1. Against the longest principal axis of the chain, how steep is helix 390-400, in degrees 0 to 90 to the nearest 10, with axes from Cα atoms?
2. Taking a label point 7 Å from the Cα of residue 294 along the Cα→Cβ vector, which residues of the stretch 186-208 have an amide N closer than 20 Å to it?
3. Peptides 80-92, 55-67: what's the order by average Cβ count within 10 Å, highest mean first?
4. If I model a spin label at residue 259 and residue 115 as a point 7 Å from the Cα along the Cα→Cβ vector, what separation in nanometres do I get?
5. Which FRET efficiency, nearest 0.05, do residue 404 and residue 278 yield, Cβ-Cβ r, R0 35 Å?
6. Would you please give the FRET efficiency between residue 31 and residue 105, computed as 1/(1 + (r/R0)^6) with r the Cβ-Cβ distance and R0 = 25 Å, to the nearest 0.05?
7. Sorted by mean Cβ packing within 10 Å, highest first, what order do the peptides 146-153, 395-402 take?
8. Specify whether the C-alpha gyration tensor of the stretch 103-210 places it in the rounded, prolate or oblate class, a ≥ b ≥ c being the square roots of the eigenvalues: rounded for a/c under 1.5, otherwise prolate if a/b is larger than b/c and oblate if not.
Ligand code: ADP
Ligand code: ASP
Ligand code: MG
């Protein structure tokens, strides 16, 4: 008998029929003699609708109240799934994040899992019940509801699997596993059998939102092996595991894209200590998420920074920077470009193969796609490009690295 954590995402519980499908899958597991703790997301689209409602009421809703609101999505789906299980004769009980002992730290709408007191979940399991836990939520030290960031049910599932010492953790979704690129973008993408935590993290944080990046970080830290697979069929999925030596043989594991980005370039900054700190402190004070940063100095003793941010934060960033730049120097100027995208290639094989950047840029050049900014890390190369070139760029690079099915 195995203890299994299964996470069902929003698309897997998006309708009454899908909820009944999930109930039947859980029943089948239980009948095989396994014990199931299922972590459930809100029905697809519900979290977005709740956010939309909040934005209609207030342009700057209280983050505490947003958490109270957003957490209701998962409460609906756990109750409905538990009822569906009762209908087919399964003894099941639902738990909110608080009831499941999920304790959080950090800020509202971006809580982190601090610890999990799994006693109550385990007591229910001991009594033979299926436990249906609300993903995406926990409570902080003050007893306030925290949500765990978009896609945060993945984190709930992995943290609960760790806390209860589950034999297996499955992330069930609407695709058969992790693909070499989002199959909606590159139809020739292939399912990956095994991927390392680091590769999965880099793909997730550069736009492959099949997993929440922070959940992968947690899994790596606590060595939680998990499988991403479909809730709609029985095909085997993708195992996310510690890196093995054999993994380096593959140069590029996958390609990710991110839409709706903006670039800000600041020129004419004096090349003296403290200038960059002023610029980036202003951005962080305005809670702008800066991703790529490319900087250099000119012969005239000036510095320039180019950075990417989500397009939705462009005005916020501009308003935060303008007064700081005028205070620094009359020559400091801000240029921007909206409607850009980011394209990344990821693979641990990059550590031992050279010429990967050249191969990527060559393929894009041949396709007439212009490259904006470039940044690299040990296992990732990211470029910016016009958003309209993004999908074609992903397809071209996917083919160039021999990833097409
Ligand atoms: P869930 O509701 O189950 O959490 P998500 O929508 O968060 O599901 O994630 C599944 C989706 O992620 C897929 O439908 C797919 O379009 C998208 N996706 C993006 N990149 C990838 C990738 N590399 N492999 C598989 N799916 C991907
Ligand atoms: N319902 C939340 C969201 O849409 C959490 C999740 O689905 O994982 O982001
Ligand atoms: Mg998700």
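Read the figures in this text as sums done on the coordinates, not as results from a lab. None of the values given here were measured: they were computed from a predicted structure. Because the Cβ atoms are built from the backbone with ideal geometry, glycine has one as well, and the counts that use them run over all protein chains shown.
1. 80 degrees
2. 206-207
3. The packing order, highest mean first, is 80-92, 55-67.
4. Label at residue 259, label at residue 115, 4.3 nm between them.
5. Working: r = 47 Å, r/R0 = 1.34.
For residue 404 and residue 278, the calculated efficiency is 0.15.
6. The computed FRET efficiency comes out at 0.05.
7. Those peptides, ordered most packed to least, come out 146-153, 395-402.
8. Because a/c hits 1.5 or more and a/b fails to exceed b/c, the stretch 103-210 counts as oblate.
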